[in-house]
1. Sticking with the crude label model, points 7 Å out along Cα→Cβ, report the distance from residue B:13 to residue A:17 in nm, one decimal please.
2. Give me the inter-chain shielding for A:12-19: mean count of other chain Cβ atoms within 10 Å, whole number please.
3. How big is the A/B interface in buried accessible area, both sides summed, 1.4 Å probe, to the nearest 100 Å²?
4. If I compute solvent accessible area with a 1.4 Å probe over the protein chains, what percent of it on the protein assembly as shown is carbon and sulfur?
5. Peptide A:101-107: average number of partner chain Cβ atoms within 10 Å per residue?
6. Excluding residues fewer than 8 places away in the same chain, name every one of the aspartates and glutamates whose C-alpha is closer than 20 Å to that of residue A:98.
7. In µm²/s, what is D for the stretch B:5-105 at 10 °C and 1.306 mPa s, where D = kT/(6 pi eta Rh) by Stokes-Einstein and Rh is the Kirkwood radius from Cα pairs?
8. Give the long-range amide H neighbours of residue B:86: residues separated by 5 or more places, or on another chain, with amide H under 5 Å away, using H modelled in the peptide plane at 1.01 Å from N.
Amino acid sequence: SQQGEEDPQALSIQEGENATMNCSYKTSINNLQWYRQNSGRGLVHLILIRSNEREKHSGRLRVTLDTSKKSSSLLITASRAADTASYFCATDVYNFNKFYFGSGTKLNVKP
Amino acid sequence: DAGITQSPRYKITETGRQVTLMCHQTWSHSYMFWYRQDLGHGLRLIYYSAAADITDKGEVPDGYVVSRSKTENFPLTLESATRSQTSVYFCASRLAGPLDDEQFFGPGTRLTVL
């Protein structure tokens, strides 16, 4: 079964608004990563948060991690049309080199 | 800097045929991975390799074979293709250090099995 699940499955917002997507996972992790996938392309790494971190920022991205709830959230502030893509969380299961990806959140930012 | 490349980018084959998807990286990354992505879903790990001549199964290895004789290449073979193997296949790589967690992805191979 999949380790990570994103919520919502799809999100449509206006340019300039904030976008929040959530990820839940099942087992203990070493770290959690967020990736972006533009239509028809490969995945691009956005940000990584380790199991001993609670919050991390990178530009317009803010990631939180709650290991007690086994959940993470990705916030994109002041969204742009170029942020339109699918966003996936990936968990690095502890002591393995295996990454488990969720099913993704499809974000549509309307200009 | 070519990075990580996959070939072919598109492939149509018939049920029962053997198909090999190629993955090549120029960074000398230790780890390489093969994923499949089915329409509307996330990625599922097929196989991964920690170094040349070291491979291990992922979530969905059945029907696939991998080899890694050289660090830079990680081919994926479908020994006898089935329709359920119609998917987009992504290769990825990463460094081996304890803080080197980012995976770098290739552009993908879209495989259709008729």
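1. For residue B:13 paired with residue A:17, the spin-label model returns 4.4 nm.
2. 0
3. 1800 Å²
4. For the protein assembly as shown, the apolar C and S fraction of the accessible surface comes to 48 percent.
5. Taking the mean over all residues of the peptide, I get 3.
6. In chain and number order, the partners are A:5, A:6, B:38, B:53, B:56, B:59, B:62, B:72, B:100, B:101, B:102.
7. 115 µm²/s
8. Amide H neighbours of residue B:86: B:113.
The values are calculated or read from the model by the stated rules, or taken from the named source; none is laboratory data. Treat the numbers as computed from the prediction; the structure is a model and nothing was measured. Neighbour counts are summed over all protein chains in view; Cβ atoms, including those assigned to glycine, are modelled from backbone coordinates with ideal geometry. Remember, those area values only see protein heavy atoms, side chains included, never the ligands or the DNA or RNA. Shrake-Rupley method; radii C 1.70, N 1.55, O 1.52, S 1.80 Å.
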